[in-house]
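Enquirer: Let me begin by handing over the structure; questions about it come next.
Throughout, read-outs are computed from the coordinates displayed, never taken from laboratory work. Every value quoted in this text rests on a predicted model; they were computed, and no experiment measured them. Quick reminder, even Gly has a Cβ in these numbers, built from the backbone with ideal geometry, and neighbours come from all protein chains shown.
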Amino acid sequence: MPATYLVAGLFVLTMLIDVVTNVWPPDPGDIQWRFGFFGVASNYLISGLFGMLLLAAAAVWAGHRRMMTTACVLAAVAGLLLLGFAALYALDVLQLRNNVRPEAEFPFRVGALKSFFKMVTTSLALLVIARGTWKARGQRAMP
């Protein structure tokens with residue numbers, strides 16, 4: 001089971017490394033940097049989501065209650081943070097849309113909608129993982 005936990009952690013860690021290295025240096029006060037950050041981050045969310053699912057599934061399968069609790073808390077916190085980020089992103093998109101050239105308006109809207117959709121659906125999936133892992137804590141390990 002330690003190998004599975006390691007692989008799950010690598011999915012999450014490499015996602016974070018990829019996002020950070022693509023948006024370095026950070027400048028959260030700049031709306032264009034934030035827009036780019038959220039757009040880049042949304043492209044890597046599936047890796048982090050898979051890592052969290054793998055962590056939770058392995059913990060439930062093995063009956064490791066502490067690891068189930070850890071997976072539950074991590075998934076819930078990540079899901080709630082991501083919902084907050086999606087809201088901030090939507091506000092940034094509304095603010096930036098007036099600065100977009102007419103010929104770039106359609107790609108801007110499609111890209112923004114796609115990134116927002118990825119953030120919201122990933123957030124919901126993380127919250128489902130958290131809920132399922134929490135419920136599994138009270139059950140016995142699978143055979």
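Enquirer: Note down all Cβ pairs under 9 Å where the first residue falls in the stretch 55-72 and is free of Cβ contacts under 8 Å to residues at least 12 places away in the same chain, the second is of a type in the set (Ser, Thr, Tyr), and they're at least six residues apart or on different chains.
Expert: Ala57/Thr4; Ala57/Thr133
Enquirer: Can you tell me which residues in the stretch 96-111 are in contact with a Phe, Trp or Tyr (Cβ under 9 Å, 6 or more places away or on another chain) and either within 12 Å of Ile31 (Cβ to Cβ) or surrounded by 16 or more Cβ atoms within 10 Å (Cβ to Cβ) (or both)?
Expert: Within the stretch 96-111, Leu96, Arg97 qualify.
Enquirer: Could you tell me which of the residues Leu113, Leu45 is under 24 Å from Val128 (Cα atoms) and either within 14 Å of the chain's Cα centre (by Cα) or not in a helix (DSSP H, G or I) (or both)?
Expert: Only one candidate qualifies: Leu45.
Enquirer: Is it the case that the stretch 50-62 has a residue that's surrounded by fewer than 20 Cβ atoms within 10 Å (Cβ to Cβ) and under 21 Å from Phe117 (Cβ atoms)?
Expert: Yes: the stretch 50-62 contains one or more residues that are surrounded by fewer than 20 Cβ atoms within 10 Å (Cβ to Cβ) and under 21 Å from Phe117 (Cβ atoms).
Enquirer: When you go through Ala3, Ala8 one by one, which is the residue that is assigned to a helix (DSSP H, G or I), of a type in the set (Gly, Ala, Ser) and surrounded by 14 or more Cβ atoms within 10 Å (Cβ to Cβ)?
Expert: Ala8
Enquirer: A further question on this structure: Pick out the one residue from Ala136, Ala87 that is among the small types (Gly, Ala, Ser) and without any contact (Cβ under 8 Å) to a residue 40 or more places away in the chain.
Expert: Exactly one of Ala136, Ala87 is among the small types (Gly, Ala, Ser) and without any contact (Cβ under 8 Å) to a residue 40 or more places away in the chain, namely Ala87.
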